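One structure is given here, and the rest of the page talks about it.
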Amino acid sequence: MTSWVGFTNYSLGTLDRPGPGFFPQLVAALLAVASILALLEARSATYTGEPILWKRLLWALAAVLGGAALLPSAGFLPVAFLGGVIIAVLAEGRFRWRILPVMALMSVAIWLLFEQLLGIRLP
């Protein structure tokens, strides 16, 4: 909802020529709908109470904050690749070799989408 409110000052434009507020408001609306659906589904679910893995959570937070700090100096591609690898290893619980090509492809795909197709400069 914060994104929706924050980007209401920007022009939406048209479907042919979207303005700077079109994409952020579209994403905010889709996230709001997904959140409502998740809440409705969660009301009928039972929770088994798995323990929170605090160590993994703190390492993931450190990877995100470290990536944000390194982004201006290192650039998007290396930070996205290394951050993605670190978070994937933390989520998986161990290192798997297939993480490396997947994260390389994802980093390049995101860079191509924003830099080349949308014309949005990444650091």
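The values are calculated or read from the model by the stated rules, or taken from the named source; none is laboratory data. Predicted, not measured: the structure shown is a model, and the values here were computed from it. Virtual Cβ from ideal backbone geometry, glycine too; neighbours counted across all protein chains shown.
Could you figure out which of (1) closer than 26 Å to residue 122 by Cα; (2) in a helix (DSSP H, G or I); (3) polar (S, T, N, Q) isn't true of residue 11?
For residue 11, the exception is condition (2).
Tell me yes or no: at least one residue of the stretch 83-106 is of a type in the set (A, V, I, L, M) and in contact with a Leu (Cβ under 7 Å, 6 or more places away or on another chain).
Initially, the stretch 83-106 is screened for residues of a type in the set (A, V, I, L, M), giving 85-91, 99-100, 102-106.
Filter once more, keeping what is in contact with a Leu (Cβ under 7 Å, 6 or more places away or on another chain): 85.
Yes, that holds for at least one residue.
Any idea which of (1) surrounded by 12 or more Cβ atoms within 10 Å (Cβ to Cβ); (2) without any contact (Cβ under 8 Å) to a residue 24 or more places away in the chain is the one residue 45 doesn't satisfy?
So the condition that residue 45 fails would be (1).
In the list 4, 59, which residue meets the criterion of being part of a helix (DSSP H, G or I) and at pLDDT below 80?
Details: 59 fails: at pLDDT below 80.
Step by step, each of 4, 59 is checked, and only 4 is part of a helix (DSSP H, G or I) and at pLDDT below 80.
On the basis of being part of a helix (DSSP H, G or I) and either touching a Leu at 6+ places or on another chain (Cβ under 7 Å) or within 26 Å of residue 112 (Cβ to Cβ) (or both), does residue 32 make the cut? Steps first, please.
On the way: part of a helix (DSSP H, G or I): yes; either touching a Leu at 6+ places or on another chain (Cβ under 7 Å) or within 26 Å of residue 112 (Cβ to Cβ) (or both): no.
No, not satisfied.
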